[in-house]
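Structure, as structure tokens:
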Amino acid sequence: MMFDASGVVLGQRNNKLFHPINYTSMTLNCALKNYKVTEQELLALVYGFEKFRAYLLGIKVVVHTNHAALRDLMENREAKPQFIMWVLLLQEFYFEIKDRKQRENQVVDHLSRSELAATIAGELDIENASSMNC
């Protein structure tokens, strides 16, 4: 799985080639746009695991990100309660985070710029996310 702050690509690697299986993106509401990039990346990780839950439960998942600070946020014991809750949600999955250079994560970057990005309100209840005017 590859992701950035607003998009997730689920795929499989065969013979060193990445084959996409499914992809999704989201539009952040005003409150979520105020989160730091690392926090938005954690949100996208939770969103991706929830969205692709049926594919990911019970198997080892390698998560590729270009944001190495995400690991620190996940291990921070003094993080905001919301982020601790997200980390707890992720504990039912078996995954490993691997760093990936920005130029190697371009598939997901295209989702960030998609005009058809779905809003997360209603799909994943994170802090009662709802559409708000900024």
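The values are calculated or read from the model by the stated rules, or taken from the named source; none is laboratory data. Quick caveat, the model's predicted, so the values are computed rather than measured. Because the Cβ atoms are built from the backbone with ideal geometry, glycine has one as well, and the counts that use them run over all protein chains shown.
Table for the structure above
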| read-out | value |
| --- | --- |
| Residue among Leu43, Leu70, Leu17 that is at pLDDT 85 or above and in contact with a strand residue (DSSP E or B) (Cβ under 9 Å, 6 or more places away or on another chain) | Leu43 |
| Neighbours by Cβ (under 7 Å, 6+ apart or cross-chain): first from the stretch 59-85, under 10 Å from Thr38 (Cβ atoms); second of a type in the set (Gly, Ala, Ser) | Leu73/Ala79 |
| Scope the stretch 13-36; condition within 19 Å of Phe49 (Cβ to Cβ) and free of Cβ contacts under 8 Å to residues at least 24 places away in the same chain; matching residues | Arg13, Tyr35 |
| Selection count, the stretch 43-100, where residues are of a type in the set (Ser, Thr, Tyr) and assigned to a helix (DSSP H, G or I) | 2 |
| Residue within the stretch 30-53 that is under 23 Å from Arg100 (Cβ atoms), touching a His at 6+ places or on another chain (Cβ under 8 Å) and β-branched (Val, Ile, Thr) present | yes |
| Filtered residues of the stretch 20-40 (kept if of a type in the set (Gly, Ala, Ser) and either part of a strand (DSSP E or B) or in contact with a strand residue (DSSP E or B) (Cβ under 6 Å, 6 or more places away or on another chain) (or both)) | Ser25 |
